[in-house]
Amino acid sequence: MSYRFLMHPALRVMAILAGIWLVAGGIVWMARSAKPTPASLERYVAAHRLEGAAPAERARTIEQVAAQLNGLTYEDRRTFREKRELDGFFKALTPEERGRFLDLTLPAGFHQMMTALNAMKPEQRKKIVQRALADLQSGRGPGGRDAASADRPPIDAAQQEKIIQQGMSAFYEDANADVKLDFAPVIEQMQRSLQHLE
């Protein structure tokens, strides 16, 4: 009786559909749980210290941290950076590893930033421009930190140049006309600041 019950075509279709929905639900749940968050990235960095790790293990950790950082939303990434959660990790990298980490994270970070700036309302961009100009004119870095602060992670001249070049490239390639116009004073101030450093 139960065998015939299962063989009924309508019930068989319903059972197949229920199975499909269960599989789809499982995939969605796994995708959501695998999506990086600032908290999961912070836990990963705390659990995978670079000090004393073998070169292959260090390389895997760097790749994983970069992948998780690139998986954060623009807002999460910005908040994570402002809280300086990766400073200890970045300081533990060798100069070569720092270069590799920047290669893995800068393009995605700048692309996210340009996408966010393109989507912002003009008033929001104006506030960012004013803050950036004030920071540049006072010699402070992003977020109002002193550009020469000793507690900042070490970045050599070549890495600074890489950051500037990739940032400018992303700006000119990805920013829309309104963003370029709004940020013209910031670009001019950056160029003046760079000329003083030469």
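Checked against (1) within 10 Å of the chain's Cα centre (by Cα); (2) modelled with pLDDT under 90; (3) farther than 26 Å from VAL186 by Cα, ARG78 passes all but condition (3).
Which of the residues spanning segment 94-117 are in contact with a Pro (Cβ under 9 Å, 6 or more places away or on another chain) and surrounded by fewer than 17 Cβ atoms within 10 Å (Cβ to Cβ)?
Once the filter is applied, which keeps residues that are in contact with a Pro (Cβ under 9 Å, 6 or more places away or on another chain) and surrounded by fewer than 17 Cβ atoms within 10 Å (Cβ to Cβ), segment 94-117 yields only PRO95.
The values are calculated or read from the model by the stated rules, or taken from the named source; none is laboratory data. These numbers come from a predicted model, not from an experiment. All Cβ positions, even for glycine, are placed from backbone atoms using ideal geometry, and neighbour counts span all protein chains on display.
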